[in-house]
Amino acid sequence: MIAHHVLFWLKADTTEDQKVAFRKSLETLQNIEVVKTFHVGTPAAIERAVVDTTYTFSLILFFEDMAAHDVYQVHPLHKAFLDEFKVYFEKVIIYDAN
């Protein structure tokens, strides 16, 4: 099992409508056949020194194996998301774990 966790910090001038469109596009990624588990969210209202709540969106995907992860990376839905929405990224951090 491969966990793919992506944290997005969007640019400060991103509008609420653009954030809604961004989230809707993220949600299309759950339709990629190799995605086993999917979650998209925003920072939870938890105040602890060890919890980072500075990001705008969190995307967590689980894949059966690295081959499935590799299929996801070149899938047309993933590419479409990146092509349309990478202009909104201020920062992105990805954590992959097995």
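A few remarks follow.
- Test result for VAL92, hydrophobic (A, V, I, L, M, F, W, C), loosely packed, with under 11 Cβ neighbours inside 10 Å and not in a helix (DSSP H, G or I): no
- Boolean, TYR72 is surrounded by fewer than 11 Cβ atoms within 10 Å (Cβ to Cβ) and of a type in the set (Phe, Trp, Tyr): no
- For beta carbons closer than 7 Å, sequence separation of 6+ or different chains, a first residue in segment 1-23 that is under 18 Å from ILE93 (Cα atoms) and a second that is assigned to a loop (DSSP other than H, G, I, E, B) and among the β-branched types (Val, Ile, Thr), the qualifying pairs are PHE8/THR56; TRP9/THR54; TRP9/THR56; LEU10/THR56.
- Counted residues, segment 36-77 - those being at pLDDT below 95 and either acidic (Asp, Glu) or assigned to a helix (DSSP H, G or I) (or both): 2
- One residue alone among PHE85, PHE63, PHE57, PHE81 is crowded, with 16+ Cβ neighbours inside 10 Å and either among the small types (Gly, Ala, Ser) or more than 21 Å from ASP13 (Cβ to Cβ) (or both), and that residue is PHE63.
- Selection within segment 42-69: residues that are in contact with a His (Cβ under 9 Å, 6 or more places away or on another chain) and touching a residue at least 60 places away in the same chain (Cβ under 8 Å). The member of this set that is nearest to ARG23 (Cα to Cα) is PHE62.
- For the residues THR28, THR42, the requirement of being surrounded by 10 or more Cβ atoms within 10 Å (Cβ to Cβ) and farther than 24 Å from MET1 by Cβ singles out THR42.
- Of everything listed in (1) in contact with a strand residue (DSSP E or B) (Cβ under 6 Å, 6 or more places away or on another chain); (2) hydroxyl-bearing (Ser, Thr, Tyr); (3) touching a residue at least 60 places away in the same chain (Cβ under 8 Å); (4) closer than 17 Å to MET1 by Cβ, the single unmet condition for TYR72 is (1).
The values are calculated or read from the model by the stated rules, or taken from the named source; none is laboratory data. As the structure is a prediction and not an experimental result, all values here were calculated from the model. All Cβ positions, glycine included, derive from the backbone under ideal geometry; neighbour counts span all protein chains shown.
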